[in-house]
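**Student:** Dropping the structure in here first, questions after.
The values are calculated or read from the model by the stated rules, or taken from the named source; none is laboratory data. Note that the structure is predicted; figures quoted are calculated from it, not measured. Cβ placement follows ideal geometry from the backbone for every residue including glycine, while neighbour counts extend to all protein chains displayed. For accessibility, only protein heavy atoms count, side chains too; no ligands or nucleic acids. Shrake-Rupley method; radii C 1.70, N 1.55, O 1.52, S 1.80 Å.
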Amino acid sequence: MSTVNTVQGPADSSDLGVTLVHEHVRFRDEAVAAEWPDRYDEQAELDAALEAVNAAKERGVRTIFDPTAMFGGRDVHFMKRVADETGVRILACTGIYSYDHLPHYFANRDIDAMADHFVADLERGVQGTDIRAAFLKCAADAAGVTEHVEKIHRACARASLRTGVPIMAHSMPAVSTGPRQVEIFLEEGVDPAQIQIAHCGDSEDVSYIEGLLEKGVYVGLDRYGLQMYLPIDKRNETAAELLRRGHAERLVISQDFCASIDWFPSETVEVLQASGAVHNWSMTLVFDEVVPALREMGVMDDDVFQTIFVDNPRRWITP
Ligand SMILES: [Zn+2]
């Protein structure tokens, strides 16, 4: 038996079942939330998280990996409450979600010191609890792999080597961050089977994605519903072509849904929905629209579904 740490304690990895690898039960700036807590409605956030996770549960989801790291308002108390009230397992991460900025605290400490912080979350517990993180998270975006971003990636790699847990890296295909991100992890000695490059599905450039797959990493087709990056039909065409080329064992599918997010004023969120920048963005879209479309296209049957939604998440997360 192989054990993974959920926010409710250790679980047998063979019990994870249908898994969404990339969803956020809440996403907010922890500094703003700490300074102006009255700008946030905790009950509304909880209600939104419960509604989203329960809807996923109705589609058969048993486990959610929540890659909310530092700067995304990671809160394992909140995650545990959602897991307790829904009965869906949630796995928390450790790491830093930054496109460049680092607090002086980490800018003035070295890579190994940063890794020590991640290892403490993985081995001892997060935020003063005994809830242990299950994976590592870092990010590269429009600014590319900056010095700070590289430092975070190397710290994740070293924490992974010390603990055996995998790494998920937010990427931005539009500026081709993926290859350099993979290169850094491999330089540090991480097993490619423990690397997941998120958001590759924002690209319809199959050869770019295949270039990553050839290194042996997992790639995330994990932003279904975010039309502003790529519409759902183009995402499906890319997924279908990757499946036709035999990559089922390295693909994961998810939505990067945030049950609540503070990035925009609420009226902007309504504008985004009305303008079509998002389409049925939720924790259920892939079951309601994507899986049926891929079945229709003849690239998904029950075995492929099992590979992508059960076996791949389990193989990636199992230390
Ligand atoms: Zn995300």
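**Student:** Determine the relative contact order of the stretch 12-93: mean sequence separation of Cα pairs under 8 Å and six or more apart, normalised by residue count, in whole percent.
**Tutor:** With pairs under 8 Å counted, the relative contact order is 42 percent.
**Student:** Another question, then. So what is the relative contact order for the chain, in percent, with contacts set as C-alpha pairs under 8 Å and at least six apart?
**Tutor:** 20 percent
**Student:** Which aspartates and glutamates have a Cα lying under 14 Å from the Cα of Lys215, excluding residues fewer than 8 positions away in the same chain?
**Tutor:** Counting by Cα, and skipping residues close in sequence, Lys215 has these aspartates and glutamates nearby: Glu183, Glu187, Asp191, Glu249.
**Student:** Sequence neighbours fewer than 8 away in the same chain don't count; with that in mind, list the lysines whose C-alpha is under 17 Å from Lys80.
**Tutor:** Here the lysines satisfying the reach criterion relative to Lys80 are Lys57.
**Student:** Can you give the accessible area of Arg244, probe radius 1.4 Å, in Å² rounded to 10?
**Tutor:** 140 Å²
**Student:** Further question: Report the paramagnetic label zone for Lys234: residues of the stretch 207-222 whose backbone N is under 16 Å from a point 7 Å from Cα along the Cα-to-Cβ axis.
**Tutor:** 207-209, 221-222
**Student:** From Cα pairs below 8 angstrom and at least 6 apart in sequence, can you work out the relative contact order of the stretch 219-319, rounded to a whole percent?
**Tutor:** Averaging sequence separation for qualifying contacts and normalising by length gives 39 percent for the stretch 219-319.
**Student:** Now, a different point. In the chain, what % of DSSP beta bridges are antiparallel (nearest 5)?
**Tutor:** Bridges in the chain are about 15 percent antiparallel.
**Student:** Shifting gears a bit: Putting +1 on Lys and Arg Cβ atoms and -1 on Asp and Glu Cβ atoms, find which of Gly73, Pro231, Ala248 reaches farthest to the positive end of the dipole of the chain.
**Tutor:** So the residue furthest toward the plus end is Ala248.
**Student:** Give the residues of the stretch 62-102 whose amide nitrogen is closer than 12 Å to a point set 7 Å from the Cα of Asp15 in the direction of its Cβ.
**Tutor:** 89
**Student:** Apply the a/c threshold of 1.5 to the C-alpha gyration tensor of the chain and tell me whether it is rounded, prolate or oblate.
**Tutor:** It is rounded, given that a/c, with a ≥ b ≥ c, falls under 1.5.
**Student:** Given points 7 Å out from each Cα along the Cα-Cβ axis, report the Asp29 to Asp311 separation in nanometres with one decimal.
**Tutor:** The answer from the label model is 4.4 nm.
**Student:** Which peptide among 206-213, 264-271 comes first, and what is the full order, when sorted by highest mean count of other Cβ atoms within 10 Å?
**Tutor:** 206-213, 264-271
**Student:** For the stretch 62-132 and the stretch 161-189, what is the separation of their Cα centres, given in Å?
**Tutor:** Value for the Cα centre distance between the two parts: 18 Å.
**Student:** Label-point separation (nm) for Asp303 and Asp110, each offset 7 Å from Cα along Cα-to-Cβ?
**Tutor:** Result for the modelled spin labels: 5.1 nm.
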